[in-house]
Structures are given as structure tokens and as C-alpha cells.
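Have a look at the structure below before the remarks.
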Amino acid sequence: MRRVIFNQKGGVGKSSIVCNLAAISASRGYKTLVVDLDPQGNSTQYLLGLKDEKLRHTIADFFEQSLSFNLFSKEPKDFVHKTPFANLSVMPSSPLLDELEHKLETKHKIYKLRDALKSLGSIYERIYIDTAPAMNFYTRSALIAADRCLIPFDCDAFSQRALYSIHSEIAELSEDHNRDLVIEGVVVNQFQPRVKLPQALIEELMSDGYKVLPDYLGQSVKMRESHGASKPLVYFAPEHKLTKQYEALFDRIEDVQLPLEV
Ligand SMILES: Nc1ncnc2c1ncn2[C@@H]1O[C@H](COP(=O)(O)OP(=O)(O)OP(=O)(O)O)[C@@H](O)[C@H]1O
Ligand SMILES: [Mg+2]
């Protein structure tokens, strides 16, 4: 299973959702990999707790290697780092992703990630991909590499508008390059049950035919604290309401019958 979390809008909860679902997956005993394709590196920071250290063997190094033929080139697994959490690994991001993007695009390396993640599928039972808030080369690579896609929605009117264009862009890309991609639905994040607007926006989405997953993620300061501690919620606050909501979301998306890796 290779799941990408994407929304072109910034700050809707992509990295939080990737890392927390991946941590729950790992805590349930699945060998789990997070692939951080955002040069901001928020997922990398969250899971590895790095401050200013420069990492070697990042996802940028993986892509750079694909630009020139080398007899001694590394395998995808050589770019994977262990996190402090059992069963949870990460292919870390790097600011170099920005510099490489143009070259990768012109040399048509759009399928490199798909090939790498397919081969890593024999080691990792669950792969979660974090993307930048942009439809760039890396996001397209991720949407081509994945077989599942979740779209976070932060209950804001601008987000609602963004969702319409995102959905059609993903559908077009899937039609052209990845017929196996299943859009699992919209994940409601930072939901405030006592405020009217979020509920009204969600109802509009549903009446427009969007599949909104019924397990809403509430708003809590615990999320920021968990980022600060570099500890996903399932380890940082296992009994917290938001953690329970994440677990319910995880159980729902796991419930779907997944095709076997080939
Ligand atoms: N359920 C939540 N409750 C409270 N705060 C949250 C919640 N989810 C995310 N946040 C906060 O919102 C901010 C944005 O979250 P996050 O970084 O996960 O979004 P993103 O979509 O990955 O952002 P970007 O587009 O910049 O990559 C962070 O400060 C995070 O702590
Ligand atoms: Mg992010």
C-alpha cells in the first residue's frame, strides 16, 4: 500500500496526517515508511527530531542518482533512515529537492519514484508519502507512485475552492499515468464541532458528490506540542481525543481490501 496525502493548499495538515497515520501503522506492527517529498522537511523533522544537522542519503540524493548512470548506484533502501520508533522509517527530505527539480523534469524522471517504491513494497507494508503544497514534479511523481490518495481539508472556504481544482487535477493525472490510484476521500482536519461554518462547508462538499471520510480530526494544541517534541501523537499522548480520532481514521482506511503487492 502506497498512500499519498496531497492538497495544494499550505498548512491543511498533510505532514501531520502522514506522520500520525504512519506512526499508528507502525505501532500496530506494520513495517511502515514515510517518504518526505517536501523540501520544507516537516515530516523529516517530526520523525527524526533533527535541528540543523545535514543528512546524507536523502530522497534528493536518490533523485540525483537517477540523473547519471553509475555502475555502483545505490538501491532505494539505502536512502531509508530508521526513526526512534519501532517499525517506522523515513526517506528524508532535503532542500536540494528544489535545485534538482528542473533537471529531473527535463530528463523525464517522473516514474523513478514509482519504481523505487514498488521495490520497497517488498520490505514496507505501508508507505505514506508527504507532498509540498504545490502540484510540482515531486507531487506528480507521488501521485503516479501511489495507489491511494487522501485529501486533507481544513474547514476553510479557500480550501473548499482549492479542493475542486485539486480533485480534477488528480483525476486527470490518474487517467493518463496511474489508473490504479484510488482517491479514498477527503479528511476533515482541525474540525470545531461548536462552530457552524465547518459543518456547512462539509455538507456542501458532500452534496457536490465528494466522499468525505466520517472520522473528523479535531483541533487541539496537542498537535503542535507533539511536533515540538518530535513524537507522533500515538506515542506523545496515546489517550488523547485527537489520537483516538486518528486511530478511528486509520482503522477506516485499513478496512478497505487492499490489492496484494506484486
Ligand atoms: N488537528 C490539528 N489541531 C491543531 N493544529 C493542527 C492540527 N493539524 C495540524 N495542525 C497544525 O497546523 C499547522 C500545519 O499543519 P501541517 O504542517 O501538518 O500542514 P501541511 O499541510 O503539511 O503544511 P504545508 O503545506 O506547509 O506542508 C501545524 O502548525 C500543525 O501543528
Ligand atoms: Mg507539510
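The values are calculated or read from the model by the stated rules, or taken from the named source; none is laboratory data. Because the structure is a prediction, the values reported are computed rather than measured. Counting neighbours? That spans all protein chains shown, and the Cβs are built from the backbone with ideal geometry, glycine included. Accessible surface is based on the protein model in full, side chains and every heavy atom, while ligands, DNA and RNA are left aside. Shrake-Rupley method; radii C 1.70, N 1.55, O 1.52, S 1.80 Å.
Observations on the model:
- For the residues ASP61, ASP251, a 1.4 Å probe over the protein chains yields an accessible-area ranking, largest first, of ASP251, ASP61.
- Linear extension gain, ARG179 paired with LYS31, 0.36 nm per residue minus alpha-carbon span: 50.7 nm
- Peptides 100-111, 2-13, 182-193 ordered by packing proxy, namely the average of other Cβ atoms within 10 Å per residue, highest first: 2-13, 182-193, 100-111.
- Residues of region 68-109: accessible area per residue with a 1.4 Å probe, Å²: 67 Å²
- For LEU197, the shell of other residues with beta-carbons less than 15 Å away shows a net charge of -1, using +1 for Lys and Arg and -1 for Asp and Glu.
- Carbon and sulfur %, accessible surface of the chain computed with the full protein complex present, 1.4 Å: 51 percent
- Each of the peptides 154-167, 127-140 was scored by the mean count of other Cβ atoms within 10 Å over its residues; in descending order, highest first, they stand as 127-140, 154-167.
- Rg then Dmax, both in Å and based on the Cα atoms of region 178-262: 15.3, 46.
- Region 22-131: radius of gyration over Cα atoms, expressed as a fraction of 2.2 N^0.38 Å: 1.04
- Amide H partners (placed H, <5 Å) of VAL35, local residues excluded: MET91, TYR128, ILE129, ASP130
- Accessible surface calculations at 1.4 Å, restricted to protein heavy atoms, place region 162-262 at 58 Å² per residue.
- Viscosity 0.890 mPa s, 25 °C: Kirkwood-radius Stokes-Einstein D of the chain over Cα pairs, µm²/s: 132 µm²/s
- Within-13-Å neighbourhood charge of PHE85 [Cβ basis; K, R +1; D, E -1]: +4
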